[in-house]
Amino acid sequence: MNRFIRLSQQMPLLLTLSVALSLIVLLSITVYEVSELQRPQPQSLKPSPKIHTLKLGHNTPDNTALHAAAQRFAKQVEAESHGRLKIELFPAQQLGNDHQMIEMTREGELDILLVPTAKLSVPIPAMQYADLPFLFPTREDAYRLLDGEPGRLLLEKLKSIGLLGVTFWENGFKHFTGHQFFTTPEDFVDKKFRIMKSRLIESQFNALGAEAIPIDFHSTYQALKDGVVDGQENPLVAIASMGFHKVQSHLTLSEHGYLSYVFAFSQNTFSKLPQDLKALLIEAAHDQTDWERQETQRRETAFLTKIKDAGVQVRGLTRQQRQVLAAKTAHLIQQFEPIIGSNIISYTQTDLNQKYAFSDNTPKIAIGLNTDLSSEAKQAGLAIKRGMELAIADLNAQGGLLGQEVVLLPMDHRALSSRGQQNIEKLALQKHLIAIMGGVHSAVIMAECPLIHRLKMPYLVPWATATEITKADGQHQFLFRVSINDAIGAKKLADFTVQHHQKPAIIVENSVWGRSNLQRLKAFLTEKAIPPVLEFTFNRGQRDFDALIELIKQVDADSIILVANAQEAAALVKRLHQKQRLLPIISHWGIAAGNFFEEVSPFLSELNLHLLQTYSFFEPHNATKHHLYQRYLEVYQTLDIPYAANGVAQAYDLVHLLALAVEQQQSTDPEAIQQAMEQLPPYQGVLKDYAPAFSADSHDALTEEDIYIAKVTPKGQLLAVAPQETP
């Protein structure tokens, strides 16, 4: 009992101690938790940003504006990427010569390349563009064109060799050095010049009577010193930095060529980079372009002073001397046009003509060209352009039209109707324009007809054959054609077929042109009691023709009447050859507009091929035809478009008929010209004696008697076939 009493008496004390102990524990826990909250928490570990180290190589010394710009580029991308990108620079061919660096970049062993455009001309021949002699009147013209459509088209071509072209840097205009001045063509005769390897640059010196010797850039000084060559061409930066002025006594400031550098990435490297770094690299390359160009120009003053101080005699070209040298090499632009691209050359010509030809006080007359210069019918487009050039040269040699020089403004519509209409709108803004010439594609011209009618602009048709183009319905009165009209073309194809075959298959493209020919061919053949055993329509761009070939086999066709353009026709004929199902082919001339003959060249001798024609380089020539043939050889020094020669002749005659209308009306007003075209006097042209060419009721100059069937010989020549001749 007493013990119980004592425990009871102690209970309050025990409770107090228990509560106190609990408070202490709770306080300890709270203090611990608070301290844990205040203590820095360990961060979740993040991977360090990957650092991409890229190598940039070029051929210029490290004291050049180009290398300084490369250094600025490297600093910019490292700073703006916060260290994720680092650029290692290798100037002065430290990694190899230009051709070796190009291959390294293609393989991804070199990440960024700065290389002269001419050094890319082996894999990409179009890169000779900037080396065309006397192409750019000023530096600003070079910048505008290289930063514009021509430059974009050139850079686009680099994708085919594994490079991503971004922009163009420069070393500036090139000049001649030697132990004499080079101001006249006679100064170059029998002299030896060092060149970088380039067919165009070699042709430039050959045209001036000199011998061109390819020598590596870093071996040039020794070659000059040893007298291996008499002279060389380079910008001032190269002449001064490489010491060429120390072993050459004369500098001719000719500005005859432009040394452009391509700034390109290896696609192998570029494709593996994060998207934000890709964008940064491209932006930085463009950012430094203007600085590099300005710095190159700024330093040229110092380089020229340095060269003069070394005792070198310096002289520039007079305007007349420049014109003489330019005239001596002018044919190179036309000769290399198929290599560089007629679209690129034509854009350049139109740009420069619009800037300079109409800027002085000398009256000018313009004729536009709106055709395919880059797509499936580019050979025909070039043929049409050349026919116009030759005719315009004839006119200008005789004093022009109404005493005014005639200027050509060529534009590429890429076989797109929308582009064709845009081109017409742009050309119509040129107040000196009197007419526009179209091209190959009937569908494009048909889509343009409402615009042509609204603008009341004479529109000349040298190839397109759709009957509707010259329909006398009040909506086509401004269109005048020197070409085949399908109403007579289809009859000519059918007549030849029934003379030699019994079971023809008709194969046409799915277009206005193809479908209208199908209906006419079927009607003509049925009328002759030889209906087609097969009618087949294929789509533009089609490549698979196995089903068609099986149908041809099933119906046992003995021949093919083909209405197609070059691309699809080549695919079909190659497959027929592979399947050993080659049949005689009677073709519309659409195949001659593109690269059909190049595509089938390995087995061309096996083909039994005939096609519609109006003119051939290979046929016997009367005096007028011979004149055109000779002029073509003189100017272009080649017969590189033999199958599209009809385009040359038809465009040539059309320009001369247009000139007759202008002279007859003594006016350049388009509506007056349209009226005169319907009332022309007789004219002896290349294709025929026009008596007259057009009337109010007919805007087609050619009749059935003016077209014929030509046979493609085993050697690839086009020869006219007599009506009853065995194919």
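We did not get these values from a lab; they are worked out from the coordinates using the rules stated. Note that the structure is predicted; figures quoted are calculated from it, not measured. Note: ideal-geometry Cβ built from the backbone for every residue, glycine included; neighbour counts use all protein chains shown.
Between region 385-408 and region 669-698, what's the alpha-carbon centroid distance in Å?
Cα centroid to Cα centroid, the span is 18 Å.
At 0.36 nm per residue, and after removing the present C-alpha to C-alpha distance, how many nm does the segment from Lys355 to Val555 gain when stretched out fully?
Extra length from Lys355 to Val555 when fully extended: 66.0 nm.
Only one of the listed values, [x] 29.9; [y] 27.2; [z] 28.4, was derived from the coordinates as Kirkwood radius over Cα pairs in Å; which label is it?
Answer by label: [x].
For the pairs Lys191/Lys246; Lys528/Lys579; Lys355/Lys431; Lys378/Lys579, flag any whose C-alpha to C-alpha distance is greater than 22 Å.
The answer is Lys528/Lys579; Lys378/Lys579.
Give the angle, between 0 and 90 degrees and rounded to the nearest 10, that separates the Cα long axis of helix 645-665 from the longest principal axis of the Cα atoms of the chain.
70
Quickly rank 56-68, 177-189 as a protection proxy: mean count of other C-beta atoms within 10 Å, highest first.
Details: 56-68: 21.5, 177-189: 18.2.
So the peptides 56-68, 177-189, ranked by packing, come out 56-68, 177-189.
Would you list which aspartates and glutamates come within 15 Å of Lys503, measuring only between C-alpha atoms, while excluding same-chain residues fewer than 8 positions from it?
Cross-link targets: Asp495, Glu527, Glu535, Asp556, Asp558.
What residues from region 390-418 fall in the zone where the backbone N is under 20 Å from a label point 7 Å along the Cα-to-C-beta line of Thr537?
417
Would you mind ranking Trp513, Trp291 so that the residue whose beta carbon has the fewest other beta carbons within 10 Å leads the list?
Least to most surrounded, the residues fall as Trp291, Trp513.
P(r) of region 52-326 in 10 Å steps, Cα pairs, percent per bin?
Answer for region 52-326: a P(r) of 7, 30, 36, 19, 7, 1 percent.
Choose one of Ala279, Ala327, Asn343: the residue whose Cα lies farthest towards the positive end of the charge dipole of region 204-349 (beta-carbon charges +1 Lys, Arg; -1 Asp, Glu; about the Cα centre).
Sorting the options by dipole projection puts first Ala327.
Excluding residues on the same chain fewer than 8 positions from Lys456, give the aspartates and glutamates whose Cα lies under 17 Å from its Cα.
Leaving aside aspartates and glutamates fewer than 8 places away in the same chain, those within reach of Lys456 are Glu425, Glu448, Asp473, Asp669, Glu671, Glu678.
Read phi for every residue in region 505-517 and hand back ³J(HN,Hα) as whole Hz from Karplus 6.51 cos²θ - 1.76 cosθ + 1.60, θ = phi - 60°, with x for Gly and Pro.
Ordered by residue, 3J(HN,Hα) equals 9, 9, 10, 9, 7, 7, 8, 4, 4, x, 5, 5, 5 Hz.
Quick one: length gained pulling Gln71 to Lys711 fully straight, 0.36 nm per residue minus the C-alpha distance?
224.2 nm
How large is the helix-only mean residue ellipticity at 222 nm for the chain, computed as the sum of -39500 (n - 2.57) over DSSP H runs with n ≥ 4, divided by its residue count, in deg cm²/dmol to the nearest 500?
Computed mean residue ellipticity for the chain: -14000 deg cm²/dmol.
Once the Cα atoms of helix 65-80 and of the chain are each reduced to a long axis, what angle between those two axes, in degrees from 0 to 90 to the nearest 10, is obtained?
That helix lies at roughly 50 degrees to the long axis.
Which pairs, out of Lys50/Lys157; Lys364/Lys625; Lys364/Lys385, put more than 21 Å between their alpha-carbon atoms?
Table pairs above 21 Å Cα-Cα are Lys50/Lys157; Lys364/Lys625.
Calculate how many DSSP beta bridges within region 341-481 are antiparallel, expressed in % of all such bridges and rounded to the nearest 5.
Given both bridge residues lie in region 341-481, the antiparallel proportion sits at roughly 5 percent.
Between Ala326 and Ala447, 0.36 nm times their residue separation minus their Cα-Cα distance comes to what?
39.5 nm
Regarding region 672-711, what whole-number volume in Å³ per residue does the convex hull of its Cα atoms give?
Cα-based convex hull of region 672-711, divided per residue, equals 80 Å³.
Tell me the net charge near Asp669. Cut-off is 12 Å between Cβ atoms, Asp669 excluded, with +1 for each Lys or Arg and -1 for each Asp or Glu.
It works out to a net charge of +1.
If I fit a long axis through the Cα atoms of helix 2-38 and take the longest principal axis of the Cα atoms of the chain, what angle between them do I get, 0 to 90°, rounded to 10?
30
Taking neighbour counts of Cβ atoms within 10 Å as a proxy for exposure, in what order, fewest first, do Lys308, Lys55 appear?
In order of increasing Cβ crowding within 10 Å: Lys308, Lys55.
Ranked from highest to lowest mean number of other Cβ atoms within 10 Å per residue, what is the order of the peptides 641-648, 341-348? The partial results should precede the final answer.
Values: 641-648: 26.2, 341-348: 23.4.
In decreasing order of mean packing, 641-648, 341-348 become 641-648, 341-348.
Given a Förster radius of 22 Å and the C-beta distance between Val314 and Lys246 as r, what FRET efficiency does 1/(1 + (r/R0)^6) yield to the nearest 0.05?
Efficiency computed from Cβ-Cβ geometry: 0.90.
Mind sorting Ser81, Ser483, Ser219 by how few other Cβ atoms lie within 10 Å of their own Cβ, fewest first? Let's see the in-between values first.
Numbers: Ser81 19, Ser483 29, Ser219 12.
Arranged by neighbour count, lowest to highest, Ser81, Ser483, Ser219 become Ser219, Ser81, Ser483.
Evaluate the charge dipole of the chain about its Cα centre and quote only its size in Debye, nearest 20, assuming +1 on the Cβ of each Lys and Arg and -1 on the Cβ of each Asp and Glu.
With Lys and Arg at +1 and Asp and Glu at -1, about 2180 debye.
Spin-label point model (7 Å from Cα, Cβ direction): what's the Ser160 to Asn63 distance in nm?
Between Ser160 and Asn63, the label points sit 4.1 nm apart.
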